[in-house]
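*Asks:* Have a look at the structure that comes next, please.
The values are calculated or read from the model by the stated rules, or taken from the named source; none is laboratory data. Just so it is clear, the structure is predicted and the values come from calculations on it, not from any experiment. Don't worry about glycine lacking a Cβ; one is built from the backbone with ideal geometry, like all the others, and counts go over all protein chains shown. The accessibility values were calculated without ligands, DNA or RNA, using every heavy atom of the protein model including side chains. Shrake-Rupley method; radii C 1.70, N 1.55, O 1.52, S 1.80 Å.
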Amino acid sequence: MEYAALIGGPRDGQRLDVTGSAQQLVDGAALITELGAYGPGRRTHYEGQPGAPDRPHWVGDIP
C-alpha cells in the first residue's frame, strides 16, 4: 500500500491511501471532512506537488 501525508487544512497530518493513484493527486482531490469551514460532510481540497505527489497540500474548503 502507498500513503500520502496530507499537509495543512482540516485533515492535516492524516494519511490517505493512494495505492496506484498517487500521481493523480497532482491534479487534486476533494475529500470529505467533518472539520471544514462549511461544516460536517463537506469537502476540502488538496493538491499534490509536482515531483512529490505523496505530499498533497491543502488548497481550501468547498461549500
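*Asks:* Determine the gain in length on full extension of the stretch H57-R43; use 0.36 nm per residue of separation and subtract their C-alpha separation, reporting nm with one decimal.
*Replies:* Computed gain between H57 and R43 is 3.6 nm.
*Asks:* Probe of 1.4 angstrom, ligands and nucleic acids ignored: what's the accessible area per residue over the chain, in square angstrom?
*Replies:* Details: 3860 Å² over 63 residues.
With the other protein chains kept in place, the chain gives 61 Å² per residue.
*Asks:* Would you please report the Å³ per residue occupied by the convex hull of the alpha carbon atoms in the chain?
*Replies:* 68
*Asks:* So how much slack lies between D27 and D12, counting 0.36 nm per residue of separation and subtracting their Cα-Cα distance, in nm? Numbers along the way, then the final one.
*Replies:* Values: separation 15, 0.36 × 15 = 5.40 nm, distance 1.86 nm.
This chain segment gains 3.5 nm when fully extended.
*Asks:* HN-Hα J couplings of the stretch 52-63 from phi, Karplus 6.51/-1.76/1.60, θ = phi - 60°, integer Hz, Gly and Pro as x?
*Replies:* Computed from phi, the couplings for the stretch 52-63 are 9, x, 8, 9, x, 9, 5, 9, x, 9, 10, x Hz.
*Asks:* May I pose another question? In terms of modelled amide H atoms, which long-range or inter-chain residues lie less than 5 Å from the amide H of D61?
*Replies:* H45
*Asks:* H45: net charge of surrounding residues, Cβ under 13 Å, Lys/Arg +1, Asp/Glu -1, itself excluded?
*Replies:* My count for the surroundings of H45 gives 0.
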